[in-house]
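The values are calculated or read from the model by the stated rules, or taken from the named source; none is laboratory data. No experiment lies behind these values; they were computed from the predicted model shown. Note that we place each Cβ from the backbone using ideal geometry, even for glycine, and neighbour counts take in every protein chain shown. Accessible surface areas use protein heavy atoms only, side chains included; no ligands, DNA or RNA. Shrake-Rupley method; radii C 1.70, N 1.55, O 1.52, S 1.80 Å.
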Amino acid sequence: MAYFDILLPVKNGAAYLTEALDSIRAQTVTDWRLFVLDHGSTDHTLEIAQSRALVDPRIRIHSLPDARGLSGLLNAGLALCDAKYVVRHDADDIALPERLRHTQAGFAAHPDVVALGGQLTNFDDRGRTLPQHPLPTAPGRIAAAMLFCNPVAHPTVAMRLDRLQALGARYGVEFGTGHPARPAPEFENLVEDYFLFGQLALLGMVANVPQQLIRYRMHPGGVGRQKFAAQMAASQSVSLRLAERLRDMVGAAPFDPTPFCNHGGILFDLGGRTDFSAEFDSLRNALQRMDAAPAHIRRELRYRHTLANRSRPAMLARYALFRSRHRPVMNEQTTIKLHLLGRKGPRAQLMPSLAAV
């Protein structure tokens with residue numbers, strides 16, 4: 001049994017797999033086992049993985065061509081694990097040498113969390129470093145932000161396996177409701193990580209470390225670029241489900257997070273309407289009942305208030321006030337910039353019961 005089990009799902013990832021595997025082998029913490037989960041590759045992926053496994057027996061290869069999407073592939077990987085912590089890594093990313101050490105220290109600092117992520121550095125195929133805002137670290141901040149976007153970078157995450165199993169938590173599964181965990185097929189792909197971490201976050205079980213853990217490769221073949229509109233739509237569905245969960249947890253009235261969501265750094269197209277003050281009031285009522293430090297809730301509400309009026313003068317004035325108090329994180333500044341430039345995401349609908357407010 002290793003201290004860390006690492007899940008690396010891959011399909012036709014030969015272009016970057018060697019770098020990914022070698023970055024794991026270069027970790028300063030050496031007590032790990034890596035499962036390469038091959039999803040039916042037809043390029044040289046298996047040959048590359050096998051060549052590394054021949055020289056490093058900590059690398060194990062599992063061919064799972066019939067797994068149901070990424071969610072099924074990762075759940076099959078979780079079933080293989082028996083380490084204290086399960087780490088996610090992607091076949092096109094590069095782990096920094098201290099990644100596992102920072103993760104180990106992060107769990108020691110946050111003994112109650114189940115999922116722990118960290119910071120990442122974006123880079124392109126030419127090796128150029130790209131802009132990246134920091135991700136929030138405190139569980140309360142993450143819980144509040146999780147309703148509107150995913151403040152956890154999936155390829156940086158590690159999970160405490162025994163706690164995950166005790167909750168019945170897996171990818172594409174609803175859990176933590178007081179009832180037996182059940183599959184949620186609509187969240188099995190594109191947003192399987194958001195649905196998993198969102199549920200954990202509302203329970204106060206997600207944190208990020210402040211250290212850089214990986215170099216994240218931005219390239220045209222990434223899912224975020226190829227299926228952006230579909231991912232946005234699926235993310236809205238998760239946001240609505242998380243809002244419903246929070247409402248039930250805190251005894252709040254129904255609220256719609258859609259006008260305040262900035263998945264992918266962009267606002268949904270909600271037609272010509274600009275004033276969402278009524279929706280914001282309902283949102284504020286629910287967030288203020290959360291079990292989180294009041295300072296975290298106030299910060300989140302100040303930013304979402306910036307998005308509650310989409311007219312250019314109001315948004316500029318509110319964002320200036322927000323910036324005078326807080327440093328932007330995640331995609332907060334990008335969202336404002338793209339909206340002011342006229343960029344909109346896919347068309348979305350408000351909850352029917354609130355759409356006419």
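Relative to the longest principal axis of the Cα atoms of the chain, helix 14-25 runs at roughly 80 degrees. Compared with the dominant principal axis of the Cα atoms in the chain, helix 277-287 is inclined by about 50°. Sorting 29-42, 5-18, 122-135, 194-207 by their mean Cβ neighbour count within 10 Å, with the most densely packed peptide first, gives 194-207, 5-18, 29-42, 122-135. Taking all Cα pairs closer than 8 Å and separated by 6 or more residues, the relative contact order of the chain comes to 16 percent.
Shape analysis of the chain based on the Cα gyration tensor places the equivalent ellipsoid semi-axes at 35, 22, 19 Å, largest first. Helix 228-250 and the longest principal axis of the C-alpha atoms of the chain enclose an angle of approximately 70°. Taking every DSSP bridge with both residues inside the chain, close to 30 percent are antiparallel.
Once you divide the Cα radius of gyration of the stretch 73-224 by 2.2 N^0.38 Å, the number left is 1.01. Dipole size of the stretch 1-116 about its Cα centre, with +1 on Lys/Arg Cβ and -1 on Asp/Glu Cβ: approximately 240 debye, rounded to the nearest 20.
Excluding ligands, DNA and RNA, the accessible surface per residue across the stretch 107-186 is 39 Å² with a 1.4 Å probe.
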